[in-house]
Amino acid sequence: MSELSYAHGTGTTPLLGDTIGRSLDRAVGAFGDREALVDVASGRRWTYAEFGAAVDELARALMGAGVAKGDRVGIWAVNCPEWVLTQYATARIGAVLVNINPAYRAHELKYVLEQAGISLLISSLAHRTSDYRALVGRVRADCPDLRAVHYIGDPSWDELLASAASVTSGQLAAREAELSCDDPINIQYTSGTTGFPKGATLSHHSILNNGYFVGEMIAYTEQDRVCLPVPFYHCFGMVMGNLATTSHGACIVIPAPAFEPAAVLAAVQQERCTSLYGVPTMFIAELSLPDFASYDLSSLRTGIMAGSPCPVEVMKRVVAEMHMEEVSICYGMTETSPVSTQTRRDDDLERRTGTVGRVMPHLEVKVVDPVTGVTLERGTAGELCTRGYSVMLGYWQDPERTAQVIDPGRWMHTGDLAVMREDGYVEIVGRIKDVIIRGGENVYPREVEEFLYGHPKIADVQVVGVPDDTYGEEVLACVIPRDPEDPPTLDEVTEFCREQLAHYKIPRGLRILESFPMTVSGKVRKIELREGYGA
């Protein structure tokens with residue numbers, strides 16, 4: 001009898017029972033003289049002792065501004081030290097930090113401000129084409145809960161900090177004594193493709209432990225320096241990045257306010273970073289720089305590639321050319337704080353390129369029939385589910401949509417199609433909703449994408465299903481060419497696939513693009529690729 005697709009992550013290290021504030025206190029006490037935070041763009045640096053003092057000052061300032069335990073504080077900003085300080089300061093006082101996508105426009109901002117009931121907003125002034133002050137001005141009258149807005153780098157930020165004088169350290173300590181590790185501490189709005197985004201509500205316990213164990217899997221110590229070009233707005237930045245780093249006494253390095261491949265490599269070189277994070281498209285952009293070979297990346301040993309499927313060929317170059325021999329693949333979702341499976345340091349290249357690892361300590365995963373919910377035998381594709389400390393408390397004030405994804409057994413249904421191998425490692429084969437059904441045959445885009453990455457003219461590729469009168473759906477390959485002056489033709493792609501892929505998997509359409517539409521968290525918006533078909 002075959003083994004079932006179920007795995008429980010055992011571990012000798014117990015879960016942390018602390019709040020985020022107490023975890024930071026431990027790091028400050030143990031590593032006070034070591035660097036905690038470096039902002040390359042501004043040249044500012046904080047030791048752990050200085051960082052802890054700055055967090056306490058902002059925490060007292062928020063209390064002085066009237067922020068109570070459970071109040072929602074919004075953060076609408078690009079990556080900067082104030083984002084990190086706000087993350088830890090709100091946790092210190094039991095306020096719920098609401099992450100707002102920096103790409104949001106007025107309509108989306110208004111929805112989040114209202115739905116979360118945000119009473120105080122901390123915001124950037126501007127970034128790229130967004131004038132945040134003007135956008136706030138357009139919606140503020142419609143958001144009666146919003147009492148105050150403070151802009152980073154503006155006199156209003158200084159006014160906020162000045163209110164710290166009205167709150168003593170003893171009052172801050174008394175507030176912290178009221179907090180439980182199970183309190184809600186963070187709301188992250190998931191970037192859904194239909195309807196309004198949903199506010200995944202996470203606790204101290206869920207995100208602190210998830211960050212800690214992600215760091216454990218790649219052996220972080222106080223010697224590590226972690227370069228974080230991924231957005232803090234998302235779990236990848238604030239949990240797998242910030243919390244994994246501070247829970248081990250390591251150093252957070254911010255290379256730039258938003259992703260710039262040259263700035264990332266320059267930061268790694270300048271700060272002698274040992275770890276680098278990114279979604280695959282980030283690593284592709286870094287490797288594609290004309291002067292890539294001129295950067296000294298020899299300090300790197302590890303890092304994390306996650307956020308979307310990680311192409312085998314890209315992973316091989318990251319290991320060989322960026323010195324990241326211990327690079328890890330993580331899989332998860334916002335609703336699970338986020339990581340459920342991760343590769344290990346001693347995994348061979350096949351496991352670190354062909355799978356998303358195995359279950360994390362203290363969590364459970366299983367693969368079930370999407371219709372019946374029955375656990376399938378290993379080697380069979382079905383929906384991946386996960387259970388444990390990492391599962392969100394629920395969608396903020398939305399029990400109906402919470403019940404659609406968390407079943408009575410507290411299993412989170414991910415919507416991802418996966419196969420659990422005999423060795424317990426998990427392969428993600430696609431999204432249930434992304435499966436292409438061509439003439440009754442199921443086509444999993446991930447499989448076709450992985451194959452097309454081997455084409456010499458293709459730098460990046462996404463495969464989607466588009467309407468077809470004959471077969472219901474047809475396979476479309478959206479390609480970013482290695483050389484824009486010499487893109488692949490459909491005939492070349494067809495010939496490349498002919499001897500290796502079943503006929504129904506071979507793309508019947510080809511679009512050449514300069515870039516893919518992306519969410520701020522680094523996921524390709526396949527719905528836009530489908531909608532743009534024929535454009």
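The values are calculated or read from the model by the stated rules, or taken from the named source; none is laboratory data. All values derive from a computational prediction rather than experimental measurement. Cβ: placed from backbone, ideal geometry, glycine included. Neighbour counts: every protein chain shown. Quick note on the areas: whole protein, heavy atoms, side chains included, nothing else; ligands and nucleic acids left out. Shrake-Rupley method; radii C 1.70, N 1.55, O 1.52, S 1.80 Å.
Taking Cβ separations below 4.7 Å as the criterion for a possible disulfide partner, the isolated cysteines in the chain are CYS80, CYS143, CYS181, CYS235, CYS251, CYS310, CYS330, CYS385, CYS478, CYS497. Take the chain with all the other protein chains still there, run a 1.4 Å probe, and you get 38 Å² of accessible area per residue.
Principal-axis analysis of the Cα atoms of the chain puts helix 106-116 at an angle of about 60° to the longest axis. Remark: spin-label model distance ALA68-LYS523 equals 3.5 nm, labels positioned 7 Å along the Cα→Cβ axis.
Report summary: the helix-based calculation at 222 nm, which adds -39500 (n - 2.57) for every DSSP H run with n ≥ 4 and divides by the residues of the chain, gives -8500 deg cm²/dmol.
Taking the Cα centroid of region 71-106 and of region 424-461, what is the distance between the two, rounded to the nearest whole Å? Using only Cα atoms, the two centres lie 36 Å from each other. For the peptides 253-261, 71-79, 150-158, 329-337, residues were scored by their other Cβ atoms within 10 Å and the scores averaged per peptide; the highest-first order is 329-337, 71-79, 253-261, 150-158. If the segment from ASP486 to SER2 were pulled out straight at 0.36 nm per residue, it would be longer than the present Cα-Cα gap by 169.3 nm. Taking label points 7 Å from Cα along the Cα-to-Cβ direction, ASP131 and ARG401 give a separation of 3.1 nm. DSSP assigns beta bridges within the chain; of those with both partners inside it, close to 60 percent run antiparallel.
Distance between the C-alpha centres of region 117-146 and region 367-420: 35 Å, rounded to the whole angstrom.
Pair-distance distribution P(r) for the chain, from all Cα-Cα distances in 20 Å bins starting at 0: 22, 57, 21, 1 percent.
Once the Cα atoms are used to define both axes, helix 261-271 deviates from the longest principal axis of the chain by about 50 degrees. What length, rounded to one decimal in nm, is gained on full extension from GLU114 through to ARG431, with 0.36 nm per residue of separation minus their alpha-carbon distance? Using 0.36 nm per residue and subtracting the Cα-Cα distance, I get 111.1 nm. I'd like the orientation of helix 20-31 relative to the chain: the angle between its Cα long axis and the longest Cα principal axis, in ° from 0 to 90, rounded to 10. So the inclination is approximately 80 degrees.
The ASP468 and ALA258 beta-carbon pair, evaluated with R₀ = 22 Å, returns a calculated FRET efficiency of approximately 0.05.
Roughly how many Å is it from the Cα centre of region 1-33 to that of region 197-247, as a whole number? Using only Cα atoms, the two centres lie 11 Å from each other. Close amide H contacts of LEU510 (hydrogens built in the peptide plane, cut-off under 5 Å, sequence separation of 5 or more or a different chain): ALA477. Computed packing ranks the peptides 235-244, 175-184 as 235-244, 175-184, most packed first, by mean other Cβ atoms within 10 Å. Computed with every protein chain present, the accessible area of PHE451 is close to 50 Å² [probe 1.4 Å]. Model label points for ASP423 and ASP158, set 7 angstrom from Cα along the Cα-to-Cβ axis, are 5.9 nm apart. The candidates LYS523, LYS433, LYS366, arranged from most to least accessible area with a 1.4 Å probe in the full protein assembly, appear as LYS433, LYS523, LYS366.
Net charge in the neighbourhood of ASP346 (other residues with Cβ under 15 Å of its Cβ; Lys, Arg +1, Asp, Glu -1) is -1. For the cross-link pairs LYS198/LYS505; LYS316/LYS457; LYS110/LYS366; LYS457/LYS523; LYS110/LYS523, the ones whose C-alpha atoms lie over 26 Å apart are LYS198/LYS505; LYS110/LYS366.
The mean sequence separation of alpha-carbon pairs under 8 Å and at least six residues apart, normalised by the residue count of region 456-532, gives a relative contact order of 31 percent.
With r as the distance between the Cβ atoms of ALA502 and VAL374 and R0 = 41 Å, compute the FRET efficiency 1/(1 + (r/R0)^6) and round to 0.05. In this case the efficiency is close to 0.90.
Using a 1.4 angstrom probe on heavy atoms only, work out the carbon and sulfur share of the accessible area of the chain in %. Carbon plus sulfur share of accessible area: 51 percent. Sorting HIS248, HIS503 by solvent-accessible area of protein heavy atoms yields HIS503, HIS248, largest first, with a 1.4 Å probe.
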